[in-house]
Amino acid sequence: MRQTHRDGTVLLITPTGYAWTAAPGDLRPATEEERAAYDAQVCGIQWERDALYRQLRGGARS
């Protein structure tokens, strides 16, 4: 995820919440491999979150 600030810098955020700021000239498009790795990480985090939710709710989701 990315968020552009008024001064032109960009805040980059990973699926785990790690964030850092980059200058626009330091950015490049992600490769297919990087996009696949990011998507896999997001999927894994969502799966873990859903599993934990099911555990806490006794298997029922409201």
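For A19, the requirement of being of a type in the set (G, A, S), over 25 Å from T9 (Cβ atoms) and modelled with pLDDT of 90 or more is not met. Selection of first residues in the range 25-49 that are at negative phi and of second residues that are surrounded by 11 or more Cβ atoms within 10 Å (Cβ to Cβ), restricted to Cβ pairs under 6 Å at least 6 apart or on distinct chains, gives the following pairs, ordered by first then second residue: Q41/P15; V42/P15; I45/P15.
The values are calculated or read from the model by the stated rules, or taken from the named source; none is laboratory data. Just so you know, these numbers come straight off a predicted model, no measurement behind them. A quick note on method: Cβ atoms are made from the backbone with ideal geometry, for glycine too, and the neighbour counts reach across all protein chains shown.
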